[in-house]
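Structure first, then comments.
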Protein chains: 2
Amino acid sequence: MAATPVWSVDPRTGKHREQVAVEATHREVDEAVRAAHAARGSLADAGRRAAFLRTAADLLDEAASHVIEAADAETALGPGRLTGELARTTGQFRAFADAVDEGSYLDIRIDRADPTTAPPRPELRRYKVPLGVVAVYAASNFPLAFSVPGGDTASALAAGCPVVVKAHPDHPATSELCASLLRRAAVVAGLPAEVVAVVHGFDAGLELIRHPLVSAAGFTGSIRGGRALFDAAAARPVPIPFHGELGSLNPVVVTAAAAAERAEEIGGGLAGSVTLGVGQFCVKPGLVLVPEGADGDRLAGALTKALGETEPGVLLDHRMRENFVAGVRERAALPGVDAPVTPGSGGEHTVGAGYLSVPVRTLLEGGPYEVLLEECFGPVTVLARYAGQDEAAALLGRLPGNLTATLQLSAAEADGGPGPAAELISQVTTLAGRVVVNGWPTGVAVAPAQHHGGPYPAATSHSTSVGGTAIERWLRPVAYQSVPDALLPAELREANPLNLPRRVTGG
Amino acid sequence: MAATPVWSVDPRTGKHREQVAVEATHREVDEAVRAAHAARGSLADAGRRAAFLRTAADLLDEAASHVIEAADAETALGPGRLTGELARTTGQFRAFADAVDEGSYLDIRIDRADPTTAPPRPELRRYKVPLGVVAVYAASNFPLAFSVPGGDTASALAAGCPVVVKAHPDHPATSELCASLLRRAAVVAGLPAEVVAVVHGFDAGLELIRHPLVSAAGFTGSIRGGRALFDAAAARPVPIPFHGELGSLNPVVVTAAAAAERAEEIGGGLAGSVTLGVGQFCVKPGLVLVPEGADGDRLAGALTKALGETEPGVLLDHRMRENFVAGVRERAALPGVDAPVTPGSGGEHTVGAGYLSVPVRTLLEGGPYEVLLEECFGPVTVLARYAGQDEAAALLGRLPGNLTATLQLSAAEADGGPGPAAELISQVTTLAGRVVVNGWPTGVAVAPAQHHGGPYPAATSHSTSVGGTAIERWLRPVAYQSVPDALLPAELREANPLNLPRRVTGG
C-alpha cells in the first residue's frame, strides 16, 4: 500500500501548497515511541532539561520569520496574531525552565521518623517522578502555542517526559519546522533528538494512544475526537491519564445594571472577543445572557454595528468553513431565533461574522434548542435575552462545563453593592475553570496561577493545560521509606544538595 | 419484588448473625445521592468541617468498645488489630481536620496584574473547590480505616464533599454503626446528617458510579471489581475521576549480601509481614526475590520454621477462603513449584499460612507461570530464587504496577557501598508508589508524605489514598480573573482574612 501523503494547504485558496510528509504507519509510530522511551533517562537531569527548554525558545525566536511565514501560509491567522502566539510559546518554554529550576513542582514532603508514636512512624520522603512518554495531540487553532512547541509539549518536557506529537493536519509544514527546531535544541543541550518526535495521520493518533509505552496524553480539540481518544485511553489494558480540552461555550452574563451603565462598551467589546482570530478560540464567548428591554437592545445595537463592520475572515480549513456555515444555518432556522447580523459564508473562501438572538424562555424549551448550547467554532455568538434573574439562573443551571464564565457588572455591583453579583459568582464557579469579571475570556495569560480547564467537556480531567501547574499532569508521586541517604535521589537527600523547596514534618 | 436482606455473618462459624439492612433500590440510591448533593453547601465553612471531623473522631473513640466488638464479630480480625485500626482511623480524621485548618491543600496562587507585559497580564487568583458528592467503595480487609469512616471518607469530607459509601458485604453491621456515629457527628457540628450516607448491595454500587450527581469515586478492592467500576466511571456521558486501589504483588528483593548477613532475620520478618492480619493486607509481600545458594536456603529455612509455627487463621469470609485454597492449589500444582510449607485449608473455617518456591528462570517462562505474578489474597508468598542480578532485574522488568517495592540490603549496601542497591532503587521506583529499604511494606503510616498508590493496577490514578495529599483527589482548581475583592471567596481576598498559605507572583 502506498504511503498516504500529507499536504500543506492554503486556506485562503483551498490549494495544495506542498507535500510535507506521509502519514505514519503502525511501525513508524511504534519506532517513534520506542525511541522516545529509550531516550527518557536523558531527561533525568533537571539542569540539562531547563537548558533544553531555553534553547528551544531561543531557536524558535531566531527562526521567527520562517515559523510565522510557515504558520500563516497554512492557517491564514496573519503575521500579527502569529507573532504574538510565538512570543507566548517561547515565553511558555522559558517559564517552564524557570519552574524546573525552582523545583516546587516536585512537591517534596519529608516526614522524619517518630519512634514515640504507636506504631512508630518511619521516615518518609516523597517527591514526584516523570510518567514516561507523553502523547500530545496538536490543536488546529494554535499552530504554535497548542501544537508541536505548545504548552503540553513544554510542560511534559519540563517534567522529564519525552513527547511524541500527533501533528494537526491544518499545519503540517509548521509542525515539521517546529519539530526540527526542538530536536536541534535537544542536541544542542546534549540530549538525544528522540525526546521529541512528530507523527502525522488520524490512524497514527489512535496507534499512539494505544501504545503500551505511552504513559499519558494531552489533547486540545473537538468533543468528538477528544472523547474517542479519552475512551481509547480508558479502555487500554493499563489505562492512562488523558488530559483533553474538548469544547466550551464560555457563557457571559451581563447584569441589568451593567447593561444600563455600559451597553455600547459591552456590545463593542463582545464583538472584538467573538471575532478575535476569526472566532477560532476555545474561549470565544459563545452564549451571552443579556437582559430584555431597552438597555439590552442598546447592547445588541452596538454588537450589530461592530459585527456589521467586520471584514470577512478565512477559517483554518475548508471543512471548518463548511461546518460553520451549516452550523449557523441550522441554528438560525429555529423558530424564534433571529439573526440581526447573519453569520455565514462571506465569499468562496471566507466567512462573515454575525450573531443570533433568542429569548431565554425559548432556549429553556430544550429539544431542538439544545444545539444553541453547543459550541459553534467560528465568528458567531448567541445573545440569550432574559426577563429576570431567575430566568438567567435557570439557563446557567442547564449549561455543561466550561473553560470560562464571564460576568459584566456595574461599578456598584463590582464594589459589592446590592445585586445578583455574589450569587452569579457562586453559580458560575460551579460550571467553569476560570471566572472573569468585566473583561473578556479571550486571551489566556500564561502565568503561575492560570487555570485553563474546567468541568467536562471543557476538560476530561481536573488539570490545566496553561499555567504553572500544567506540569503536574506528567508526574506521579513516589515515597521512600527508611531509604538510607546514600541511596536516595539527590532531590530528597538530607543535605538538600539541589536546594529544593520542601515541607518537613516532625523531628 | 421483596427487598434483598443484608446479613452480618460470623466468619469463624459461617453462621448468619443478624439481618442488618436491605440492599438499596435504584430509588434509594438516588435519594441518598440527591440528599448528599443538597447538603453540599453546608460543608463550605472550613471551621465547621474541621469541627465535624474532630467530633467524628471523638464519637468513634467513645464508642470504641462497640465498634471493635462489631467489627471483630464480622471480620475475625481480633480486638488487638482492630484497636490499632480504630486509632489509625480517628488519627486520620484528626489529621485531615488539621489539614483543613492549615489550608495549604487549597493550593492558593495569586498573580498580580502586570500592565507592562505584552499583552498586559490580568490579576489571577486561584484556589481549589470541592467536586461534589463522592462515592466511596469500602474495602473488605479494613472495616474501619478503608471503609465507612476510612481515609476516602475523611479526605472527601475534609475537601468539602458529601460522601455516599457503598458498604462492603463483609461488615454491614460495623458499617451501619460507624455511619450512625458519623451522621451524629455531623449534626453535633451543625451540619445535616445527609453529608454521609451508606448503601448496601452490588447493584447499588453500580447505580452510584453512574449517578449524574456523583462527581468522583474512591475504591479499595479487587482488580475485577475495581476495573468494572473504573470502566463505568469512564463510560459516563460526563466521565468522573475514579481513584481505585486494585491490587499489588509488593515485590521484595533480597540481595546476596543481605542474605549472607541477615538470612534468619529476613526470613522471620518476612513470615511476620506475610501473616499479619492473616495475609489480608493490600501491601502484603507476595513475591520475594531471594538468591539461590546457601544463604538463600537459610532464609527459606527461617521462613519455613516461622510459618510452620503460625496458627491457622480465619479469613474475612468464606468466598475468600475458597479463593485462597483454590489459588494456592493452582499455583502449587505448577511443575517446578515447591511448597515447603503448604498453605491452604487449615480447618473447616480457617486457613494455614505457607509459601511457594520457584526458580526465577522458571517464572520467566511465562505462560501458566504468570499466575504467580498475580496477587493471592491470604497468608501466602512466593519465593522466587534468582541466580544473579540479571535474572532478578529481568523478573522485576516483567512485573505490573505495585503499591510498594522493598529492598533488603546489607549494611554496606545501605551505606552506599558497592553492589546492586542503586540500580535496584532506580528500577523499583518505576514500578511502585512506595519504596522501602530494610523494613516491610505492611504498616502504612498515616503521615503527610505518605504515598499509597502506584502504577496500574496498584492504582487507577496517580493519587494516594493515605496521607496528607489524599485530599487533592476531591478538589478542582478555579482561577478568578480581575474579580473585585468584595466578590472574591474569602480564601482569596487581598487581606487574607483566613490567614491561608499562598504563593504570590509579581506586584
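None of the figures in this text is laboratory data; all of them are computed from the coordinates on show. In this text the structure is predicted, and so the values were computed from the model without any measurement. Because the Cβ atoms are built from the backbone with ideal geometry, glycine has one as well, and the counts that use them run over all protein chains shown.
Here are the numbers for this structure:
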read-out	value
Along principal axes, Cα extents of region B:438-480, largest first, whole Å	48, 23, 13
Partners for B:Lys15 among aspartates and glutamates (Cα-Cα distance below 19 Å; same-chain residues under 8 apart left out)	B:Glu69, B:Asp72, B:Glu74, B:Asp170, B:Asp317, B:Glu322, B:Glu348
Fewest-first ranking of A:His243, B:His200, B:His349, B:His318, using other Cβ atoms within 10 Å as the exposure measure	B:His318, B:His349, B:His200, A:His243
Cα centroid of region A:457-507 to Cα centroid of region A:286-327, whole Å	46 Å
For B:Arg385, distant residues with modelled amide H under 5 Å away	B:Val290, B:Val358, B:Val360
Three-way shape label, region A:298-390, alpha-carbon gyration tensor, a/c 1.5	oblate
Built amide H within the under 5 Å cut-off of A:Trp7, gap 5+	A:Val20
Residue mean of other protein chain beta carbons inside 10 Å, B:470-479	6
Mean shadow area of region A:346-463 over all directions, Cα convex hull, nm²	9.6 nm²
In sequence order, calculated HN-Hα J values of region B:458-471 (Karplus, 6.51, -1.76, 1.60; Hz; x Gly/Pro)	3, 8, 8, 9, 9, 9, 10, 9, 9, x, x, 7, 4, 5
Using a 7 Å Cα-to-Cβ projection, B:Pro418 label spacings across copies, nm, ascending	8.6
Vicinal HN-Hα couplings computed from phi for region B:131-141 (Karplus, 6.51 cos²θ - 1.76 cosθ + 1.60; Hz; Gly/Pro x)	6, x, 4, 10, 8, 10, 9, 6, 8, 5, 8
Nearest-20 debye value, region B:299-368 charge dipole, Cβ charges on Lys, Arg, Asp, Glu	160 debye
Shape of chain B, Cα gyration tensor, a/c cut at 1.5	oblate
Inter-copy spacing of A:Leu364 label points, which lie 7 Å from Cα along Cα→Cβ, given in nm from shortest upward	7.1
Cross-link pairs A:Lys284/B:Lys128; B:Lys128/B:Lys284; A:Lys166/B:Lys128 - those with Cα-Cα distance over 26 Å	B:Lys128/B:Lys284; A:Lys166/B:Lys128
Farthest toward positive dipole pole in region A:353-436 [+1 Lys/Arg, -1 Asp/Glu at C-beta], among A:Leu403, A:Val380, A:Gly366	A:Val380
Rounded if a/c under 1.5, otherwise prolate or oblate - region B:222-360, Cα gyration tensor axes	prolate
FRET efficiency for B:Glu31 and B:Thr4, using Cβ-Cβ distance with R0 set to 25 Å, rounded to 0.05	0.90
Debye, to nearest 20: dipole size of the protein assembly as shown, +1 on Lys, Arg Cβ, -1 on Asp, Glu Cβ	160 debye
Other-copy label distances relative to A:His16, 7 angstrom Cα-Cβ extension, nm	7.5
Alpha-carbon centroid distance for the pair region A:205-273 / region B:182-219, whole angstrom	30 Å
Chain B, dipole about Cα centre (Lys/Arg Cβ +1, Asp/Glu Cβ -1), debye to the nearest 20	1240 debye
Extension gain, A:Ser65 back to A:Ala326 (0.36 nm per residue minus Cα-Cα distance, nm)	90.4 nm
Per-residue Cβ neighbour rank within 10 angstrom, fewest leading, A:Glu330, B:Glu69, A:Glu194	A:Glu330, B:Glu69, A:Glu194
Distance in nm between pseudo-label sites at B:Leu364 and A:His16 (7 Å out along the Cβ direction from Cα)	5.2 nm
Nearest-to-axis residue of chain A, judged by beta-carbon position, where the axis maps A onto B, in Å	A:Ala234, 2
Chain A: relative contact order as a whole-number percent, Cα under 8 Å and 6+ apart	18 percent
Computed [θ] at 222 nm, helices only, for the protein assembly as shown once each DSSP H run of length n ≥ 4 contributes -39500 (n - 2.57)	-11500 deg cm²/dmol
Cα-projected label distance for B:Glu264 with B:His318, points at 7 Å along beta-carbon direction, nm	4.4 nm
Of A:Gly80, A:Val29, A:Ala3, farthest towards positive along the dipole that unit charges on Lys, Arg, Asp, Glu beta carbons give chain A	A:Val29
Furthest towards positive pole of dipole, B:Val351, B:Pro340, B:Thr310, structure part region B:240-371, Cβ charges	B:Val351
Over region B:332-456, relative contact order from alpha-carbon pairs under 8 Å, at least 6 apart, %	20 percent
